[in-house]
Every structure is written in C-alpha cells, then in structure tokens.
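Mind looking over this structure? Questions follow.
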Amino acid sequence: MDDPVAPGPAGSPANDNGNGNGNGNGNGGKGKPAVPKGRETFRNQRRESEGSVDCPTLEFEYGDSDGHAAELSELYSYTENLEFTTNRKCFEEDFRTQVQDTKEWLELEEDAQKTYVMGLLDRLEVVSREKRLKVARAVLYLAQGTFGECDSEVDVLHWSRYNCFLLYQMGTFSAFLELLHMEIDNSQASSSALRKPAVSIADSTELRVLLSVMYLMVENIRLERDIDPCGWRTARETFRTELSFSTHNEEPFALLLFSMVTKFCSGLAPHFPIKKVLLLLWKVVMFTLGGFEHLQALKIQKRAELGLPPLAEDSIQVVKSMRAASPPSYTLDLGESQLAPPPSKLRGRRGSRRQLLTKQDSLDIYNERDLFKTEEPATEEEEESAADGERTLDGELDLLEQDPLVPPPPSQTPLSTDRVAFPKGLPWAPKVRQKDIEHFLEMSRNKFIGFTLGQDTDTLVGLPRPIHESVKTLKQHKYISIADIQIKNEEELEKCPLSLGEEVVPETPSEILYQGMLYSLPQYMIALLKILLAAAPTSKAKTDSINILADVLPEEMPVTVLQSMKLGIDVNRHKEIIVKSISALLLLLLKHFKLNHIYQFEYVSQHLVFANCIPLILKFFNQNILSYITAKNSISVLDYPCCTIQDLPELTTESLEAGDNSQFCWRNLFSCINLLRLLNKLTKWKHSRTMMLVVFKSAPILKRALKVKQAMLQLYVLKLLKIQTKYLGRQWRKSNMKTMSAIYQKVRHRMNDDWAYGNDIDARPWDFQAEECTLRANIEAFNSRRYDKPQDSEFSPVDNCLQSVLGQRLDLPEDFHYSYELWLEREVFSQPICWEELLQTH
C-alpha cells in the first residue's frame with residue numbers, strides 16, 4: 001500500500017479533500033457561485049503566480065556538456081573539500097620517500113615521472129587496505145593537477161590533463177578497474193553500511209577515490225583540442241576502443257557501472273557514491289558512443305549507405321538560430337472577466353466560432369491581427385483541469401509520491417501586449433511520410449471513385465486535377481527515415497528467414513552495449529528512474545525511498561546555521577547534478593539506439609514507459625520551472641579548481657551567497673531540455689502515449705514552462721502541446737490562440753496533419769492498447785531473431801553424410817585413451833542392440 005499523503009502547506013492540493021463547500025466569504029453579493037475550498041485556493045495560487053515576471057531571453061548554448069572546469073567541479077561535493085589537502089599530503093609523503101632529489105613533480109623529466117608512476121602502481125598491490133588507500137590518494141592528487149605546485153586555475157586544469165594522459169599510458173586505468181571490482185564485491189563494506197542507521201561520506205571513501213580518478217581520466221582524455229600532440233590523439237582512440245569493446249572476456253565498462261546502479265537501488269550497497277557512478281557512466285557512454293555532433297555525422301553517413309537523400313537541416317543548428325517567443329499572458333482577475341464580458345468580446349467570440357467551423361478559413365487564422373493579442377483568460381474548466389491533473393499524477397502512480405503544486409513566482413506586472421513578430425519564412429522544411437500520402441489518396445479515391453488501391457501511390461486515374469497537384473506536392477516533401485528502412489528490412493527477414501540468410505550485424509559500440517544491456521535492461525531503466533525520482537525537487541522524502549545522499553552527508557551533522565546553509569546548498573546541488581547526468585544519459589542511449597536499430601530504441605522506450613517515465617517527467621515539471629532554472633545552488637569559492645588555489649575563506653552569509661552572476665543555472669536548463677526531448681522521443685507517433693499526456697493533464701504543466709524564454713526549451717514544449725492539441729477540445733484551442741500561433745511558427749509542419757482542429761481519424765479514441773501490444777510483439781520478434789540463437793532450431797541444417805558425421809573431431813578428456821578398451825566393452829559390446837525398436841523410434 002502507498003504511504004498516507006503527507007500534509008502539505010495550506011492551500012496545496014495535498015490538503016484538498018475535494019469535498020469543500022462554499023466558503024461564505026461574501027461572493028454571493030457579486031452573484032458569484034460558491035466555490036469548493038481546495039479549488040478556490042488553487043485558483044488564488046494561479047492568480048498570484050501567473051501574471052509572470054518578465055523573464056529575459058536566456059543566452060544559453062546547448063551542447064554535449066558544460067565547460068571543462070564546470071564538469072570537473074561537479075564531481076566533488078563541498079563536503080569533500082577537506083580531502084584535497086589529504087590527497088596532497090599522501091602524495092608529498094610518498095614522493096619524498098621515492099624521489100631523492102629535492103625537485104617537485106613539475107620539475108621532473110617525463111621519464112622520471114613515468115618511473116615514479118610505475119612505482120605508485122606497484123605499491124597499489126599491497127595487502128594493507130590503509131596503505132593502498134594512501135597510494136590511491138597520491139594518484140588522485142596527480143589526476144587533480146598537482147595543484148600545490150600551480151599558481152592559477154588554468155595551470156591546474158592543464159596539468160590535470162597532462163597527468164591523466166601520463167597515467168593512462170602507464171596502465172593506471174586498468175589497475176584502478178581491478179581495484180573497483182574488489183570494492184564492488186567487498187561484502188564487509190556493504191554489511192557495515194547496512195547496519196548503520198545513517199550512511200555518511202566516510203562509508204564510501206575507497207570507492208570515491210577510485211571513481212574520482214577514473215572520472216578525471218575519462219573526462220580529460222575525452223576532451224579534444226587542436227593543440228593536442230599526436231600521441232595524445234592516439235591514446236584517446238585506444239582508450240575509446242578499450243571502453244567500448246569487451247577486452248579479456250570482460251564486459252564493457254559501462255555495464256559494470258550499470259550493475260553498480262542496480263545494486264545500489266536494490267538496497268544491497270547503500271554506501272555507493274551514486275552521483276560519481278552516474279557522472280562516470282554518462283561520460284563513458286558519451287565518450288564511447290559519441291556526442292550529438294558525432295551522432296549527426298553518423299546519421300548522415302548511414303543515410304548515404306542506405307541510398308537515402310541527405311538531411312535538409314541539422315535540427316540543433318536550426319534551433320540555435322531561433323528566437324524565444326514571449327510567454328502566454330494571463331489576466332489577474334479571472335472571475336470578473338468571465339462574469340461580465342463586454343459585448344465586443346462576445347461578438348469576437350462568436351466570430352471566432354464561425355471561423356473555426358470552416359477549415360479553409362481557419363488556415364488563415366494566424367494572419368489575423370486579433371490573435372496576437374493577449375490570450376483570453378483561463379476558463380474555470382482549465383483551472384479545474386490543472387488541479388485535477390495534479391491529483392491524477394499523485395493518485396494514479398505507484399512510482400510517484402504526492403507533492404503540492406508549487407506555483408510560479410508571483411508578480412503584479414501589467415499584461416503584455418507585445419505582438420509576435422513572425423520571420424519571413426518558417427524555420428523547418430515540411431515533411432511527409434509515405435503513410436500520409438497513402439492516407440490522403442485513400443480518402444480521395446473513396447470520395448471521387450468509390451474504391452481504393454491499397455498502397456499504390458502512382459495511379460491517379462479518375463481523380464481531379466487538384467488532387468494530382470496535391471500528390472505531386474506531397475511527394476516533393478516526402479521524407480524516408482532510417483527507421484522506415486529498418487522496419488521494412490525486419491519485415492522481410494521475418495517473412496523469408498531462409499532465402500535471405502542470416503543478417504550481418506556490424507559490431508558498433510552501440511551494438512555491443514545493447515547486447516550487453518539486453519537481458520537486464522528493464523532493471524537498469526527502473527533503477528535510473530528511481531534515482532531520478534529521489535533527486536527530483538518535487539519529490540518528498542519517504543521512508544521507503546532510496547537514500548541518494550550517502551556521498552554528500554558528513555559524518556558529523558552541522559551545528560551552526562552557516563554550516564546548515566552550506567549543507568543545504570550542497571544537497572540541492574548534489575540532486576541537480578544527478579538529474580543532469582540521468583537525463584543526458586537516457587537521451588544519449590535513446591538517440592544512439594534509434595540510429596543503430598529502431599527496435600532497440602523502441603525496446604528501451606517501452607521499458608521507460610512501463611516504469612512510469614512519462615508521469616515522472618510531468619511530475620518534475622509540475623513546479624516553478626523558472627525558479628528551478630535560475631536557482632543558484634553553488635558556492636563559487638568552494639568549486640574545483642578555485643578551492644585548490646585559494647585558501648578557503650571563513651564561512652559567512654556573504655560568501656555563501658556570492659555565486660556567479662549568470663542569469664540562469666546551466667545544468668538545470670540543460671536537464672529541463674533533456675527531459676523534454678526525452679518525453680518527445682517517448683511520445684512521438686505513439687497515440688497511446690499521447691493519450692497519457694492528456695490523461696495526466698499535462699497541458700497546463702507544459703504551458704507554464706513556456707515562461708522560460710529560451711528557444712530550444714520552448715520548441716520541445718510546443719511539440720508536446722502540438723501532438724495533444726487535437727484531444728484537448730475546441731474551447732482549449734480558442735483560449736490558447738497565442739500558444740497555437742507559436743506552434744505554427746516554431747514547430748515543423750506535416751502537410752496534411754490536422755493537428756489544430758481535431759478532425760483527424762487518429763484523434764478518435766480507438767483501442768490504443770492494441771498499438772502497444774503490436775509494437776511489443778515486433779520488438780520481441782526482433783530480439784529473438786537477432787540475439788536468441790538456439791542450437792535446436794527447426795531451421796538449423798542437418799548433416800546426413802555418414803563419413804562427415806564419423807569424421808567430426810570430438811573433444812575428449814586427456815585420460816580417455818587409457819580406458820578406451822574398457823569403455824568399448826562396457827558401452828558398446830556388452831549392450832544388446834534392439835534393431836526393431838531403433839527403426840520404430842527413428
């Protein structure tokens with residue numbers, strides 16, 4: 001059973017039992033009907049919050065990751081800062097005993113540095129756990145850039161890269177991989193952590209040191225620069241190959257990290273530093289499979305190999321050139337505007353209703369001047385829908401716990417009357433699927449000649465001339481995706497398994513990773529979503545939820561207010577980094593698997609949907625997204641590498657609040673865009689999943705996210721609104737014409753997609769469960785055909801040649817020839833052969 005709902009703040013949906021009566025506060029004098037208490041409170045929150053503050057346009061450049069220094073600094077929590085000094089002390093003690101000269105590390109020749117590293121690796125193999133940890137800390141100090149000998153942050157980052165390449169060339173990564181295996185299998189550490197009432201940072205010391213060294217090596221070697229010497233580039237490719245493919249009959253490194261995630265979520269290893277594991281897993285997947293630019297190059301290459309026309313545009317580059325739109329405005333007094341609309345407003349509404357009745361007229365709706373004015377106030381139905389959506393997300397899902405609606409920031413700014421300035425041309429080239437052309441011709445043939453010709457798109461006999469022109473235009477914009485070719489090939493392989501022979505599957509890094517993940521993939525996805533749920537800012541701590549703070553909580557809890565403030569900032573930062581790593585990891589996996597084979601992508605997607613990923617993401621966005629994106633949960637003076645160069649200042653309120661001056665938090669905006677892209681990937685062309693968006697009342701949640709003036713985030717929000725517009729009803733579309741205009745302006749057009757008016761046959765509530773079942777059957781058939789190869793298959797060839805069968809070489813035990821005659825006597829000569837029975841059975 002689910003836990004009882006925790007009491008939320010006054011007026012939150014958590015406190016609304018849904019049975020309130022009129023509150024008797026004098027509304028009857030105005031002729032306003034009584035409103036249930038919970039609904040009225042919710043409406044007050046909206047009224048206070050949705051006259052949104054004028055958010056400036058955010059100058060954000062989307063990419064694979066943040067800057068190099070920022071990515072390194074996020075590896076460490078502020079609680080770990082004291083360990084920088086410990087690492088330096090361990091290195092200096094070891095260095096003085098091994099190097100007789102009075103030189104420092106940076107003054108040594110390269111050969112002397114290699115000799116010293118070899119000595120360090122030898123000393124890693126000692127039995128004593130304490131001595132091994134000291135040597136590992138010395139290696140970590142090298143990977144951190146020997147900051148004690150540097151004068152600036154630039155020097156620290158430079159020597160960190162230099163030392164990481166040197167450590168890799170000497171075999172340090174392989175040595176630390178063996179130590180990591182030992183620590184993962186260390187049952188004593190696990191049982192000790194399980195017995196403790198509260199796990200702290202001290203329980204994961206060895207693991208944190210090992211994972212930090214490995215992360216620094218992966219991140220520094222992954223970074224490509226034009227000035228890198230040839231030896232570094234060769235080492236980078238070798239390292240990428242080692243991480244991508246199985247070596248020495250071992251699984252790829254990413255699978256080991258996935259197993260750590262599942263072990264952590266199962267409760268068997270609560271001391272695992274999960275943030276470091278997830279960051280390392282994300283960077284390993286990015287390094288081995290490639291980032292977004294590499295993915296685009298692979299896509300172009302694969303289209304060329306399949307004989308498909310080149311891509312019309314690069315979506316990331318198109319989005320970078322787009323400008324953010326002004327968010328939809330809301331009126332401050334909802335009640336009065338609904339009670340007594342002026343006659344002109346009534347006439348305008350009647351006019352709009354007449355326009356919507358005619359499809360051709362409504363195509364020109366975006367050119368009318370009135371539609372760029374402020375949107376009509378939110379109706380009572382929409383307010384109820386938003387409140388019901390919150391209750392639906394909380395009540396329907398076992399995975400998600402209840403949380404009160406957090407409103408956007410309050411403001412009393414007047415309504416914006418800015419008009420949308422459309423560019424001269426739309427940003428995207430329109431696309432048409434083969435299915436769309438077939439559907440258009442089927443409707444046209446039924447209308448004009450009374451019968452259809454199936455999938456024939458060439459025969460146009462009996463159709464009027466305008467239909468000919470329409471088909472010609474559709475074919476000019478026809479888009480054939482790689483997935484279409486892969487599905488068609490899969491259907492042919494299923495129909496003709498013998499004549500087409502066995503499929504040749506290229507051993508790409510994506511293919512190797514999918515094969516390794518295949519049989520445990522549901523557990524991997526559930527584990528990632530559990531951690532994402534625990535790290536989401538809208539989630540409440542529950543007794544049965546996993547503890548993701550083991551690598552951030554100190555041994556002794558803070559005793560002063562300033563220490564508590566610092567820990568609070570550290571915990572929030574810790575959760576934000578976890579959300580960032582999981583969202584980027586899932587997006588990378590989906591995109592690479594989709595390129596490798598569409599059914600690999602669909603397999604991962606379906607397990608994400610089954611694990612309630614869609615309502616989880618909606619739950620994440622059911623907060624004040626603008627505040628989340630502009631949150632400043634960082635202390636610049638404590639960030640690496642700044643904290644290694646300067647003396648740590650005394651904690652004061654000013655030093656804690658003295659963060660960077662940027663107008664937004666890069667990682668939070670990056671996470672939001674990744675989660676929106678993930679939601680788009682899960683729901684695109686899937687009507688059953690689109691209906692989940694409608695059922696969970698996602699439209700008000702997504703619409704609030706449009707307050708963030710960033711073009712890429714707005715684009716993916718508008719995409720999600722577009723696919724469900726046909727299900728939301730005419731009243732919603734009339735009340736949100738500015739949002740509809742933004743969709744028309746920014747989202748790619750499908751020529752005969754009736755998204756705005758709901759006349760499409762796909763908008764009717766058919767049996768969507770059958771769609772998922774068919775997809776699941778296709779996925780299982782693909783996995784079975786390609787990866788399950790039973791020896792006793794009915795299609796396996798049979799050798800009927802007596803000489804060939806008798807001539808086969810069998811692997812026999814070494815001592816078999818000593819007892820060969822005895823075996824013959826016992827098994828052959830002394831056994832009577834019943835020939836009649838042999839003939840009957842065979």
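For Asp788 and Leu177, what is the calculated FRET efficiency with R₀ set at 45 Å and r taken between the beta-carbons, to the nearest 0.05?
Details: r = 30 Å, r/R0 = 0.67.
Given R0 = 45 Å and the Cβ-Cβ separation, E is 0.90.
Which percent of Cα-Cα pairs in segment 509-785 sits in each 5 Å bin, short to long?
Going from the shortest bin to the longest, the percentages are 1, 5, 11, 14, 15, 14, 13, 10, 7, 5, 3, 2, 1, 0.
Compute the relative contact order of segment 68-244 as a whole-number percentage, counting only Cα pairs closer than 8 Å that sit 6 or more residues apart in sequence.
23
Also, I was wondering about something else. Protein chains only, probe 1.4 Å: how do Tyr818, Tyr640 rank by accessible area, largest first? Could you put the intermediate results ahead of the total?
Numbers: Tyr818 185, Tyr640 10 Å².
Descending accessible area places them as Tyr818, Tyr640.
Given 0.36 nm per residue, what is the gain on full extension from Arg225 to Glu821 after removing their alpha carbon distance, in nm? List each step's numbers first, then the result.
Details: separation 596, 0.36 × 596 = 214.56 nm, distance 7.09 nm.
That pair, Arg225 and Glu821, stretches by 207.5 nm at full extension.
Be a star and scan segment 685-724 for residues whose amide nitrogen sits under 19 Å from the point 7 Å along the Cα-to-Cβ vector of Ala70.
Counting only backbone N, you get 708-714.
Right, another one. Could you pull the accessible area for Val609 with a 1.4 Å probe, rounded to 10 Å²?
Rounded to the nearest 10, the figure is 10 Å².
Given the C-alpha centroids of segment 589-652 and segment 194-224, what is the distance between them in whole angstrom?
If you average the Cα positions of each part, the centres end up 19 Å apart.
Among Phe448, Gly462, Gln476, whose Cα sits farthest toward the positive end of the charge dipole of segment 434-478 (+1 at Cβ of Lys/Arg, -1 at Cβ of Asp/Glu, about the Cα centre)?
Toward the positive end, the furthest listed residue is Gln476.
Among Ala136, Ser187, Leu106, whose Cα lies farthest out toward the positive end of the dipole of segment 68-244, if unit charges sit on the beta carbon of Lys, Arg (+1) and Asp, Glu (-1)?
Going by the Cα projections, it comes out as Ser187.
Treating only the Cβ of Lys, Arg, Asp and Glu as charged (+1, +1, -1, -1), what charge dipole size does segment 68-244 show about its Cα centre? Round to the nearest 20 debye. Intermediate results must be reported in sequence, preceding the final value.
On the way: 20 positive and 31 negative charges, 128 e Å.
Charge dipole of segment 68-244: 620 debye, to the nearest 20.
Net charge near Leu648: determine it from the other residues with C-beta under 13 Å of the C-beta of Leu648, scoring Lys and Arg +1 and Asp and Glu -1.
On the way: positive: Lys566; negative: Glu80, Glu83, Asp639, Asp647, Glu650.
Taking every other residue near Leu648 into account, the sum is -4.
How many percent of all Cα-Cα pairs in segment 68-244 sit more than 25 Å apart? List each step's numbers first, then the result.
Numbers: 5229 of 15576 pairs.
In whole percent, the long-distance tail amounts to 34.
Along the charge dipole of segment 509-785, which of Met691, Ile548, Ser581 sits closest to the positive end, that is, farthest toward it, with unit charges on the beta carbon of Lys, Arg, Asp and Glu (+1, +1, -1, -1)?
Of the candidates, Met691 comes out farthest on the positive side.
Take Met751, Met712 and sort them by solvent-accessible surface of the protein heavy atoms, 1.4 Å probe, largest at the top. It would help to have the intermediate numbers written out before the result.
Working: Met751 80, Met712 10 Å².
From most exposed to least exposed: Met751, Met712.
Continuing with this model, one more query. With labels modelled as points extended 7 Å from the Cα through the Cβ direction, what inter-label distance (nm, one decimal) is found for His468 paired with Ala202?
So the label points at His468 and Ala202 sit 8.7 nm apart.
Please go through the residue pairs Lys114/Lys283; Lys275/Lys697; Lys686/Lys719; Lys632/Lys703 and name each one whose alpha carbons sit more than 20 Å apart in this structure. Write out the running numbers ahead of the final one.
Numbers: Lys114/Lys283 27 Å; Lys275/Lys697 32 Å; Lys686/Lys719 13 Å; Lys632/Lys703 24 Å.
In this structure, Lys114/Lys283; Lys275/Lys697; Lys632/Lys703 exceed 20 Å between Cα atoms.
Run the numbers on segment 434-478 and let me know its relative contact order in percent, using alpha-carbon pairs under 8 Å that are six or more apart.
Details: 25 pairs, mean separation 18.6, N = 45.
Over segment 434-478, the number comes to 41 percent.
Work out, step by step, the length gained on full extension between Ser128 and Leu812: first 0.36 nm times the residue separation, then minus their alpha carbon distance; give nm to one decimal. Walk me through the numbers before you get to the answer.
Values: separation 684, 0.36 × 684 = 246.24 nm, distance 4.45 nm.
Value of the extension gain: 241.8 nm.
Using a 1.4 angstrom probe and counting only protein chains, how large is the accessible area of Met182 in Å², to 10?
100
Can you pull the Kirkwood radius for segment 471-561, inverse mean 1/r over Cα pairs, to one decimal in Å?
Working: mean 1/r = 0.0518 Å⁻¹.
This gives a value of 19.3 Å.
Grab the beta carbon distance between His477 and Ser636, set R0 = 45 Å, and tell me the FRET efficiency rounded to 0.05. Display every interim value, and only then the final one.
Details: r = 50 Å, r/R0 = 1.11.
Working from the Cβ atoms, E equals 0.35.
Another question, if that's okay. Based on a Kirkwood Rh over C-alpha pairs, give the Stokes-Einstein translational diffusion coefficient of segment 434-478 at 10 °C and viscosity 1.306 mPa s in µm²/s. Present the calculation step by step, with values, prior to reporting the outcome.
Values: Rh = 10.4 Å.
D, rounded to a whole number, is 153 µm²/s.
Suppose the chain between Leu802 and Glu503 were pulled fully straight at 0.36 nm per residue; how much longer would it get relative to their current alpha carbon spacing? Intermediate values should be presented prior to the final figure.
Working: separation 299, 0.36 × 299 = 107.64 nm, distance 3.05 nm.
Between Leu802 and Glu503, full extension yields 104.6 nm more.
OK, next. Give, rounded to the nearest 20 debye, the magnitude of the charge dipole that segment 434-478 has about its Cα centre when Lys and Arg contribute +1 at Cβ and Asp and Glu contribute -1 at Cβ.
Details: 7 positive and 6 negative charges, 26 e Å.
With only Lys, Arg, Asp and Glu charged at Cβ, the dipole is about 120 debye.
Cα centroid distance between segment 440-488 and segment 275-300, in Å?
So the separation of the two Cα centres works out to 40 Å.
To continue, here is another question. For a quick check of understanding: with a 1.4 angstrom probe and all protein chains in place, what accessible area in square angstrom does Arg786 have, to the nearest ten?
Number for this one is 20 Å².
Relative contact order (percent) for segment 509-785, with alpha-carbon contacts under 8 angstrom and 6 or more residues of separation? Before the final figure, lay out the partial values.
On the way: 231 pairs, mean separation 50.6, N = 277.
Result for segment 509-785 is 18 percent.
Something else now. With all protein chains present and a 1.4 Å probe, how do Thr538, Thr262, Thr115 order by accessible area, largest first?
Details: Thr538 5, Thr262 35, Thr115 100 Å².
Reading off the accessible areas and sorting them downward yields Thr115, Thr262, Thr538.
Moving to a separate point now. So if R0 is 25 Å, what FRET efficiency would Thr652 and Glu93 give, r being the distance between their Cβ atoms, rounded to the nearest 0.05? Please list the in-between numbers first.
Working: r = 34 Å, r/R0 = 1.35.
For Thr652 and Glu93, the calculated efficiency is 0.15.
Under a point-charge model restricted to the Cβ atoms of Lys and Arg (+1) and Asp and Glu (-1), what is the dipole moment magnitude of segment 509-785 relative to its Cα centre, in debye to the nearest 20?
On the way: 35 positive and 22 negative charges, 347 e Å.
Computed about the Cα centre, the dipole is about 1660 debye.
The values are calculated or read from the model by the stated rules, or taken from the named source; none is laboratory data. These figures come from a predicted structure and were not determined experimentally. All Cβ positions, even for glycine, are placed from backbone atoms using ideal geometry, and neighbour counts span all protein chains on display. For the accessible areas, the whole protein counts, side chains as well, though only heavy atoms, and no ligand, DNA or RNA atoms are used. Shrake-Rupley method; radii C 1.70, N 1.55, O 1.52, S 1.80 Å.
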